[in-house]
Amino acid sequence: MSETTALVTGAARRIGREIAVSLAREGVNVLIHYRSSDEEAAELREKLLELGVEATVLQADLKEKSDLSALIPEATKKAGSIDYLVNNAAVFPRGDLEKLEFEELIDNIRINSWAPFYLTRDFVESYDRGKVVNLLDTRVAGYDWDHAGYYFSKVLLARMTKMMAVKFAPDFAVNGVAPGLITPPEGLDEKYLEERIDRVLLKKHGSESSVARAVVYLLRSNFVTGQILYVDGGRNLLHELEG
Ligand SMILES: NC(=O)c1ccc[n+]([C@@H]2O[C@H](COP(=O)([O-])OP(=O)(O)OC[C@H]3O[C@@H](n4cnc5c(N)ncnc54)[C@H](OP(=O)(O)O)[C@@H]3O)[C@@H](O)[C@H]2O)c1
């Protein structure tokens, strides 16, 4: 039985699910965190067990202070110990810069920046060594005028990622993966991706597994920290031109 365990937040669906499956294929035990997708989390657990690793589900609303502070201790209780933390859970609400309200900004920051920061710090305080990957967004290299609160929260997390890499070395590596055009936002279809392919150097959209492979690479690496790996077909290079 494997002795390496990963906690993946927001793991029940979409990119988080693919990260969990990829880790299991590597022989890593997975703690599947979810908020509301209980059926998907249970189904994923069955799949991971079939892949021959240990898999446990954990529910927490990362907006809630008590849930957030209980997550690492709870995960430790269930798994014995944690080696990898993948901060994947996020929200992606629309919102123009011109109309951005303070509460809206704080709601984004609470889930997309504060929760990953808090969990990483708690992980570092609870263990002797480990690896962390934070899910960012290619937009951190440019702007997003339609999701201003989200954009600011991911830019903040990108800076936090680098500062934590410095502060928590040498026993912890902290990196970021910045996906580009991968899956349409909740409720939208493939048309969303096709309409945006012109913004990608490689003229195609990526897959959930392309993001998962980058996460696994960073978790497995022993000589990379404080880096942001863009999995975006080169889109980050075009941001400056777009403005
Ligand atoms: N999809 C893309 O093309 C894309 C592009 C750029 C960056 N990213 C980043 O990559 C990561 C994964 O993307 P995704 O599209 O797969 O994410 P997603 O589907 O939008 O969200 C992932 C999970 O986050 C969880 N979550 C949301 N609010 C939460 C809360 N208050 N407490 C706990 N969990 C909460 C949800 O869990 P439940 O379902 O259990 O409620 C959800 O399934 C995100 O960090 C995203 O910002 C994605």
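Taking the options V211, V132, name whichever one is modelled with pLDDT of 95 or more and farther than 21 Å from L238 by Cα.
On the way: V211 fails: farther than 21 Å from L238 by Cα.
Every option except V132 fails the conditions.
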Across region 158-180, the tally of residues that are within 16 Å of N112 (Cα to Cα) and either assigned to a helix (DSSP H, G or I) or more than 16 Å from the ligand (Cβ to nearest atom) (or both) stands at 6
Right, K78: basic (K, R), in contact with a strand residue (DSSP E or B) (Cβ under 6 Å, 6 or more places away or on another chain) and at negative phi or not? yes
Which members of region 191-243 meet the condition of being part of a loop (DSSP other than H, G, I, E, B), buried (at least 16 other Cβ atoms within 10 Å of the Cβ) and among the charged types (D, E, K, R)? D232
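Can you work out which of the residues in region 140-153 that are out of contact with any strand residue (DSSP E or B) (no Cβ under 8 Å at 6 or more places or on another chain) and not aromatic (F, W, Y) is surrounded by the most Cβ atoms within 10 Å (Cβ to Cβ)? Working first, answer last.
Our first condition is that a residue be out of contact with any strand residue (DSSP E or B) (no Cβ under 8 Å at 6 or more places or on another chain); within region 140-153, this holds for 142-145, 151-153.
This time we only want the ones that are not aromatic (F, W, Y), so: 142, 144, 153.
Numbers: G142: 17, D144: 20, S153: 26.
Among those residues, the one meeting the criterion is S153.
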By residue number, the members of region 128-156 that are over 18 Å from E103 (Cα atoms) and either in contact with a Ser or Thr (Cβ under 7 Å, 6 or more places away or on another chain) or within 9 Å of the ligand (Cβ to nearest atom) (or both) are V132, N134, L135, L136, D137, T138, R139
Can you go through A24, A6 and tell me which one is in a helix (DSSP H, G or I) and away from the ligand (no atom under 13 Å from the Cβ)? A24
Residue pairs within 8 Å by beta carbon, gap of at least six or interchain, first lying in region 214-240 and on the phi > 0 side of the Ramachandran plot and modelled with pLDDT of 95 or more, second assigned to a loop (DSSP other than H, G, I, E, B) and not aliphatic (A, V, I, L, M), listed first then second, are G233/G180; G233/K203; G233/K204; G233/H205; G233/G206
Can you name every residue in region 44-53 that is touching a residue at least 24 places away in the same chain (Cβ under 8 Å) and either of a type in the set (D, E) or in contact with a Ser or Thr (Cβ under 7 Å, 6 or more places away or on another chain) (or both)? V53
If I ask for residues that are under 13 Å from T5 (Cα atoms) and aliphatic (A, V, I, L, M), which ones from region 22-48 would you list? L23, A24, V28, V30, L31, I32, L48
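Of D67, D96, D83, which residue is under 15 Å from P116 (Cβ atoms), at pLDDT 95 or above and of a type in the set (D, E)?
Details: D96 fails: under 15 Å from P116 (Cβ atoms); D83 fails: under 15 Å from P116 (Cβ atoms).
The match here is D67.
Would you tally the residues in region 223-234 being more than 11 Å from the ligand (Cβ to nearest atom) and closer than 19 Å to K162 by Cβ? Break it down into steps so the answer makes sense when it comes.
Start the filter on region 223-234 by keeping residues that are more than 11 Å from the ligand (Cβ to nearest atom), which leaves 223-229, 233-234.
Then drop every residue that is not closer than 19 Å to K162 by Cβ, which leaves 223-229.
Count: 7.
The values are calculated or read from the model by the stated rules, or taken from the named source; none is laboratory data. Predicted, not measured: the structure shown is a model, and the values here were computed from it. Ideal geometry is used to build each Cβ from the backbone, glycine not excepted, and the neighbour counts take in all protein chains shown.
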